[in-house]
1. Looking at VAL311, is it in a helix (DSSP H, G or I) and surrounded by fewer than 24 Cβ atoms within 10 Å (Cβ to Cβ)?
2. Looking only at the range 69-79, decide whether some residue is farther than 30 Å from ASP365 by Cα and either open to solvent by 20 Å² or more (accessible area, probe 1.4 Å) or free of Cβ contacts under 8 Å to residues at least 40 places away in the same chain (or both).
3. Regarding the range 550-558, can at least one residue be identified that is in a helix (DSSP H, G or I) and closer than 27 Å to THR458 by Cα?
4. From (1) of a type in the set (A, V, I, L, M, F, W, C); (2) crowded, with 16+ Cβ neighbours inside 10 Å; (3) out of contact with any strand residue (DSSP E or B) (no Cβ under 8 Å at 6 or more places or on another chain), pick out the condition that doesn't hold for ALA221.
5. For VAL282, are the conditions met, namely being near ligand 1 (Cβ under 10 Å from one of its atoms), touching a residue at least 24 places away in the same chain (Cβ under 8 Å) and open to solvent by less than 10 Å² (accessible area, probe 1.4 Å)?
6. Among the candidates GLU202, GLU184, single out the residue that is free of Cβ contacts under 8 Å to residues at least 24 places away in the same chain, open to solvent by 10 Å² or more (accessible area, probe 1.4 Å) and in a strand (DSSP E or B).
7. Only one of ALA23, ALA58, ALA89 is surrounded by fewer than 22 Cβ atoms within 10 Å (Cβ to Cβ) and not in a strand (DSSP E or B); which?
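The values are calculated or read from the model by the stated rules, or taken from the named source; none is laboratory data. Quick caveat: nothing in here was measured; it's all calculated off a predicted structure. FYI the Cβ positions are ideal-geometry reconstructions off the backbone, even for glycines, and counts take in every protein chain you see. We work out accessible area using only protein heavy atoms, side chains counted, and drop any ligands, DNA or RNA first. Shrake-Rupley method; radii C 1.70, N 1.55, O 1.52, S 1.80 Å.
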Amino acid sequence: MARLDPHSHTDTTQPRQRHLSWAAEVDFPGRAVDAIATLSFDRGGGPVDLDTRGLHIAQVTDRAGTALRFALGPPDPVLGQRLRVELPAGVDSCVVSYRTGREASALHWLEPQQTAGGKAPFLYSQCQAIHARSVVPLQDTPRLRITYDAALTVPSGLRGLMAAAFVGREEQGERAVERYRMDEPIPPYLFAFAVGDLASRELGPRSRVWAEPSIVERAAAEFVGVDGMLTSAEALFGPYSWGRFDLLVLPPSFPYGGMENPRLTFLTPTLLTGDRSLVNVVAHELSHSWTGNLVTNASAEDFWLNEGFTVFAERRILEVLEGPEMVALHAAVGRQALDEAVANFRDRPELTRLRTKLAGVDPDDAFSQVPYEKGYLFLRALEDSVGRPGFDRFLRRYMDAFRFQSITTEELLELIRAELPGALEAVNAPRWIDGEGVPPGAPAARSSRLEQVERLRTQLPPATAGEWSPWEWQVYLNHLPRPSSPELMVALDERFHLTGAANPEVLVAWLTVAVRSGHAPAVRRAETLLGEVGRMKYLKPLYAALIAGPGTRGLAEACARRYRKRYHVIAAAGVDALLKKSA
Ligand code: BES
Ligand code: ZN
């Protein structure tokens, strides 16, 4: 057999998936999805190996209902279970009837009290990187794209949304069937749906926002600028290929800031700050419509192709909307996060390469800011080397050459060699791609606002800091030594009310330094915050600060015990790993 991807059972010598027809019913009391997946392949005959995780397979047949031979392999902790189906000669599809498992890693089932409305249950999926297999049996590798159609049956009082084109909703008494189709071929990790009490507001001709009714107005106000963002993005990267760009604001347990599900970006409600200060996350997910969803990483080993290019694109959009000074502040905060990620990986420095080797490694464990911010800096180095006009032309060429394809780092490098001769040598690309850490001489963010903040070091900021953007605050707070003096913490909190900060990025940057410095109000706020949000970007530094802070380790353990049921399984696993590492 020939593996195409270290995270999939897909065998290159076998038939390849083309289309999925999915009929599914959500069983909230049973916390399971009952489904029939019809998978079509490019040819019939011989065995085909699918990925599954925890699925209870009832039967596998051909389209006429004739049983097909199948076998489930032993469970692998990273890959899940192989489902081998024998396709008779001339049979190029299979119909799998199944029920999702109790611990389906892509699914988060929420009790009504975990939602804003408090009345209806909620369900959402999160398939990246390799969780699609826990909801659908398929070749779960971004190398093999699929189109799909779906019929999602939900309780009649709820909406079922999918990251696809809406076809229609049919009421059937106590249930309703929502139909969708995705005609653009997508990698399986972009398969996504959500079910709950959801309402929408129009944002523009191509966009609306979905959220629970009690927060939908706030969501609409926060994201009013999305149509302008779409226009700016098209001016930079070419026509938008996915028709609509809708947004879905999820309950607070959503473990990411955003997820670029096609036609329906999933977002954390922590973006709803009231001042539009976190819309860069929307710019990021929108950018994935080009870098990620059109040009896709061949496997998690080339994840930086998705995220590094997307951070670069996000900051180009931001430059148009908010100017280069703001971009410099964002890039400076990104650089701080990168240095911290590299330090956190001191025991596994191989994970600080752009191109990684992940056989046997769970992509969720390898996740860090490295592919994002080191990838961004590598692209910035190339841009600095060839000049912006030349690099812009290259970016367009890249998006055009690899549209609807999944590529490796090597394929990118070949295109650069052809289009930008000498550029790889000029920036010492091998040092970036296969070397560890951040190369010396990496592009550094410069701006006068940034320099003013950096000059302060551990001094108390002037009263004018009341006007700082959240990004200036993050640069300042992240620079402070841990621990810092308790007097500085008290003075900062008195003057700038940081424990009451509304912006979660500022709040978490503050709490991580203040908790480690033994500032009691910060410890209390950290404790409540850990029960309010499930975004991993916040949970991990907060737990790490409590673990390392003076006398707060026990509190970290208590919070983890108290709140872990509210967290997404991936987030809970991340928290457990932190506690275990420090034990
Ligand atoms: N695709 C990612 C989220 C993701 C990555 C989910 C890997 C699962 C596995 C998304 O585009 C992302 O990068 N989100 C960031 C946004 C930020 C960089 C602006 C996040 O969630 O923080
Ligand atoms: Zn991303």
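1. Values: in a helix (DSSP H, G or I): yes; surrounded by fewer than 24 Cβ atoms within 10 Å (Cβ to Cβ): no.
Considered against the rule, which asks whether it is in a helix (DSSP H, G or I) and surrounded by fewer than 24 Cβ atoms within 10 Å (Cβ to Cβ), VAL311 comes out as no.
2. Step one: list which residues in the range 69-79 are farther than 30 Å from ASP365 by Cα, which gives 69-70.
Next, from what is left, pick out any that are either open to solvent by 20 Å² or more (accessible area, probe 1.4 Å) or free of Cβ contacts under 8 Å to residues at least 40 places away in the same chain (or both): 69-70.
Yes: one or more hits.
3. Initial filter on the range 550-558 (in a helix (DSSP H, G or I)): 553-558.
In the following step, the residues that additionally are closer than 27 Å to THR458 by Cα were identified as 553.
Within the range 550-558 (the criterion being in a helix (DSSP H, G or I) and closer than 27 Å to THR458 by Cα), the answer is yes, since at least one residue qualifies.
4. (2)
5. On the way: near ligand 1 (Cβ under 10 Å from one of its atoms): yes; touching a residue at least 24 places away in the same chain (Cβ under 8 Å): yes; open to solvent by less than 10 Å² (accessible area, probe 1.4 Å): yes.
Yes, satisfied.
6. Numbers: GLU184 fails: free of Cβ contacts under 8 Å to residues at least 24 places away in the same chain.
So the residue among GLU202, GLU184 that is free of Cβ contacts under 8 Å to residues at least 24 places away in the same chain, open to solvent by 10 Å² or more (accessible area, probe 1.4 Å) and in a strand (DSSP E or B) is GLU202.
7. Working: ALA23 fails: not in a strand (DSSP E or B); ALA58 fails: not in a strand (DSSP E or B).
None of the others qualify; the one that does is ALA89.
Conditions (1) in a loop (DSSP other than H, G, I, E, B); (2) more than 20 Å from the chain's Cα centre (by Cα); (3) closer than 16 Å to VAL295 by Cβ, marked per residue:
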| position | (1), (2), (3) |
| --- | --- |
| LEU358 | yes, no, no |
| ASP364 | no, no, no |
| LYS374 | no, no, no |
| TYR398 | no, yes, yes |
| LEU415 | no, yes, yes |
